[in-house]
1. Along the Cα-to-Cβ line of MET60, 7 Å from the Cα, sits a label point; which residues in segment 73-95 have backbone N less than 15 Å from it?
2. Hey, if you put +1 on the Cβ of every Lys and Arg and -1 on every Asp and Glu Cβ in the chain, which of ILE67, ILE7, ILE34 ends up farthest toward the positive end of that dipole?
3. Taking springs between alpha-carbon atoms closer than 10 angstrom, which of GLU52, GLU38, GLU68 fluctuates most in the Gaussian network model of the chain?
4. Explain nothing, just compute: Karplus ³J(HN,Hα) = 6.51 cos²θ - 1.76 cosθ + 1.60, θ = phi - 60°, for every residue of segment 66-81 in order, whole Hz, x for Gly and Pro.
5. How large is the charge dipole for the chain, taken about the Cα centre, if only the Cβ atoms of Lys, Arg (+1) and Asp, Glu (-1) carry charge, to the nearest 20 debye?
6. For n ≥ 4 DSSP H runs only, could you compute -39500 (n - 2.57) per run for the chain, divide by its residues and tell me the 222 nm figure to the nearest 500?
7. Of the residues ILE34, ILE14, ILE55, which exhibits the maximal mean-square fluctuation in a Gaussian network model of the chain defined by a 10 Å Cα contact cut-off?
8. What whole-number value in Å² describes the accessible area per residue of the chain for a 1.4 Å probe?
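The values are calculated or read from the model by the stated rules, or taken from the named source; none is laboratory data. From a predicted model like this one, the values you see are computed outputs, not experimental measurements. We place every Cβ from the backbone using ideal geometry, glycine too, and count neighbours over all the protein chains shown. Please note that ligands, DNA and RNA were not included when accessible areas were found on the heavy atoms of the full protein model with its side chains. Shrake-Rupley method; radii C 1.70, N 1.55, O 1.52, S 1.80 Å.
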Amino acid sequence: MESEVMIPVHEFCIHYNIDQSFIYSLKDSGLVEISLKEETICISENQLPRLEKIIRLSEMDINLAGIETITFLLNRIDDLQQKIVTLSNRLHLYENDY
């Protein structure tokens, strides 16, 4: 089993030129998960796409409450699109039976 790639928060912040307090505020609002690995605070590599979207939103001067709302709505849209695909596939299955 492959181990999850973890990125230290301070390196991430240096690369994206953001303050570490921004990451901690995202953690406090539940938008990102951070973990402690070998006494270093890290972000999982699979969270990078979400974090990059959030950083782009913050660069457009959208505050944290706005980012939370936008993220919630985007997640809801993704969920609904997945349901549509599932229901469409089920419908095609029933249509092909008759």
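1. Within reach of a label on MET60: 73-75.
2. Among ILE67, ILE7, ILE34, the one farthest towards the positive end of the dipole of the chain is ILE67.
3. Greatest mean-square fluctuation among the candidates belongs to GLU38.
4. Along segment 66-81, the couplings run x, 5, 4, 5, 4, 4, 4, 5, 5, 5, 5, 4, 4, 4, 5, 5 Hz.
5. 340 debye
6. -21000 deg cm²/dmol
7. ILE14
8. 77 Å²
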